[in-house]
Amino acid sequence: MPTYVKRAFRYRFYPTDAQAAELSRTFGCVRKVYNMALAARTDAWERKERVNYNKTSAMLTAWKKTEELAYLNEVSCVPLQQALRHLQVAFSNFFARRSKYPRFKSRKRSRKSAEYTTSAFRFRDGKLTLAKMKDPLDIVWSRSLPEGVAPSTVTVSQDAAGRWFVSLLVEDPAVELLVGGDEAVGIDVGLTHLLTLSTGEKIANPRHEQHDCVRLAIAQRRLAKKAKGDGANRVKARRTVARIHARITDRRRDHLHKLTTRLVRENQTLVIEDLAVRNMVKNRSLARAIGDAAWSQFRTMLEYKADWYGREIVVVDRFFPSSRLCHHCGEVGASMPLSVRTWTCGCGTVHDRDVNAAKNLLAAGLAVTACGAGVRPQRESSRTGLSAKKQEALRREP
């Protein structure tokens, strides 16, 4: 029986001048409403008053009736309401200590996007038409949507490089639990090699940013020399820098998608290490290389794909001495710098540092699966709103 999961299908589209103007106006109104609601909730917070989504929705109705904010009536009301819902989620995450206090959206630095629900768009015969628009969007259908499934939410966005994207959220019935691939694998991430598997296979680090670092440096120097402000030359230079960053990001994401899909298809159990990437990037010597490797993005992709296809992810504690532990005799060696790539154990076994770590991660992960101890709890789920520790306590209650 197929498993229904929510999946977002993202496509690029090319709007007409009228559509681009309408969407840009919508982006501005969404940002304005979000910032005004955040300011209102912040003031109420300081006065120790409670303001929720319903009250901000009533505020939005009042704002539209004023002469100063009458332009909010010119765009679809659905993206404005969704902005208030997003703000409510941001505050829920803040109160649950999953994130920091919500910040105001900047016109230049914030992501430009607007979310439409079913009442604000029409999807028929493969054509998508948004509210306040007469013509459908010119979408490049790079892959087909699941048959017989209509999107429940449509999100339109524009990146810093000026490209337009539309994301369609659907319940995909085509995702079925994979058959086969009963193997287990330990995965050690690194910089010299992006991944080292317990099978001994090493996957090279593409270093996407390094390939374009010269072009990026030249473009950034040219941007720095432009006069400050919103002049045409500075906007053009900023767009050039954004295009290079977009090229790097697209290539990195494509490589990680292919890699994680392959690992999930071939293995039933995948063991990884719980790395404190946020702390590791504070090292100035390694921060750029770690960011280019995108370890956090790799883990995120691996986790949600494993959830789709019924695979198991085991996360080993970050303090487990995977590199210094001899997988042959079990002796833990002395601490060693990152420059040491091979070392010899007292039992005479010569270890490749990364392969040895991957094998130890696999052994620890299998031990955790068997006895259920020695593993760091899974990361907190923003969907459930409960930490892994609280979820485990609830499961143990009679």
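Would you say residue 46 is surrounded by 12 or more Cβ atoms within 10 Å (Cβ to Cβ) and of a type in the set (Asp, Glu)?
Working: surrounded by 12 or more Cβ atoms within 10 Å (Cβ to Cβ): no; of a type in the set (Asp, Glu): yes.
No; evaluated as a whole, the condition is false for this residue.
Answer with yes or no whether residue 73 is over 24 Å from residue 8 (Cα atoms) and either in contact with a helix residue (DSSP H, G or I) (Cβ under 8 Å, 6 or more places away or on another chain) or of a type in the set (Val, Ile, Thr) (or both).
For residue 73, the condition - over 24 Å from residue 8 (Cα atoms) and either in contact with a helix residue (DSSP H, G or I) (Cβ under 8 Å, 6 or more places away or on another chain) or of a type in the set (Val, Ile, Thr) (or both) - is met.
Determine if the range 181-196 includes at least one residue that is surrounded by 13 or more Cβ atoms within 10 Å (Cβ to Cβ), assigned to a helix (DSSP H, G or I) and at pLDDT 90 or above. Among the residues of the range 181-196, not one is surrounded by 13 or more Cβ atoms within 10 Å (Cβ to Cβ), assigned to a helix (DSSP H, G or I) and at pLDDT 90 or above, which makes the answer no. Sub-9 Å Cβ pairs linking a first residue in the range 274-295 that is in the same structural domain as residue 320 (by TED's automatic domain parsing) and crowded, with 17+ Cβ neighbours inside 10 Å to a second residue that is assigned to a loop (DSSP other than H, G, I, E, B) and among the β-branched types (Val, Ile, Thr), at least 6 apart or interchain, are 290/281, ordered by first then second residue. Scanning the range 40-68 for residues that are hydrophobic (A, V, I, L, M, F, W, C) and free of Cβ contacts under 8 Å to residues at least 24 places away in the same chain turns up 40, 44, 45, 51, 58, 59, 62. Residues considered: 149, 166. Of these, the only one that is under 24 Å from residue 77 (Cβ atoms) and either touching a residue at least 12 places away in the same chain (Cβ under 8 Å) or touching a Phe, Trp or Tyr at 6+ places or on another chain (Cβ under 8 Å) (or both) is 166.
Of the residues in the range 351-368, how many are in contact with a Phe, Trp or Tyr (Cβ under 8 Å, 6 or more places away or on another chain) and under 19 Å from residue 205 (Cβ atoms)? Spell out the reasoning first.
Within the range 351-368, the first condition is being in contact with a Phe, Trp or Tyr (Cβ under 8 Å, 6 or more places away or on another chain), and the residues that meet it are 351, 353, 360-361, 364.
Those left that are additionally under 19 Å from residue 205 (Cβ atoms): 353, 361.
So the count comes out to 2.
Residues of the range 158-180 being part of a strand (DSSP E or B) and modelled with pLDDT of 90 or more, which ones? Of everything in the range 158-180, those that are part of a strand (DSSP E or B) and modelled with pLDDT of 90 or more turn out to be 158, 164, 165, 166, 167, 168, 169, 170. Within the range 4-23, does at least one residue satisfy the condition of being assigned to a helix (DSSP H, G or I) and under 25 Å from the mean Cα position of the chain (by Cα)? Yes, some residue in the range 4-23 is assigned to a helix (DSSP H, G or I) and under 25 Å from the mean Cα position of the chain (by Cα). Residues in the range 24-55 that are in a helix (DSSP H, G or I) and closer than 27 Å to residue 156 by Cα: 21 in all.
Let's see how each residue does on (1) of a type in the set (A, V, I, L, M); (2) closer than 30 Å to residue 144 by Cα; (3) out of contact with any Lys or Arg (no Cβ under 8 Å at 6 or more places or on another chain):
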| residue | (1), (2), (3) |
| --- | --- |
| 20 | yes, yes, yes |
| 29 | no, no, yes |
| 32 | no, no, yes |
| 45 | no, no, yes |
| 56 | no, no, no |
| 60 | yes, no, yes |
| 63 | no, no, yes |
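Inside the range 8-32, residues that are in contact with a Ser or Thr (Cβ under 7 Å, 6 or more places away or on another chain) and surrounded by fewer than 16 Cβ atoms within 10 Å (Cβ to Cβ) make up a count of 2.
For the range 298-329, give me each residue that is among the polar types (S, T, N, Q) and more than 15 Å from residue 264 (Cα to Cα).
Going residue by residue through the range 298-329, those that are among the polar types (S, T, N, Q) are 300, 322-323.
322, 323, listed by residue number.
Out of the strands (runs of 3 or more DSSP E) lying entirely within the range 239-353, which hold 2 or more residues that are among the aliphatic types (A, V, I, L, M)? Give the steps one after another, and end with the answer.
On the way: elements: 267-273, 312-316, 342-344, 350-352.
Of the strands (runs of 3 or more DSSP E) lying wholly inside the range 239-353, those with at least 2 residues that are among the aliphatic types (A, V, I, L, M) span 267-273, 312-316.
Candidates in the range 70-111 are the residues that are in contact (Cβ under 8 Å) with a residue 24 or more places away in the chain and of a type in the set (A, V, I, L, M); of these, the one that is surrounded by the fewest Cβ atoms within 10 Å (Cβ to Cβ) is 96.
Of everything in the range 197-240 that is surrounded by fewer than 18 Cβ atoms within 10 Å (Cβ to Cβ) and among the acidic types (Asp, Glu), the residue that is farthest from residue 262 (Cα to Cα) is 230.
The residue list 370, 363 contains one member that is outside any loop (DSSP other than H, G, I, E, B), more than 28 Å from the chain's Cα centre (by Cα), modelled with pLDDT under 75 and within 26 Å of residue 267 (Cβ to Cβ), which is 370.
The values are calculated or read from the model by the stated rules, or taken from the named source; none is laboratory data. Keep in mind the model is a prediction, meaning the values are calculated, not measured. For neighbour counting, all protein chains shown are included, and Cβ atoms are generated from backbone atoms with ideal geometry for every residue, glycine included.
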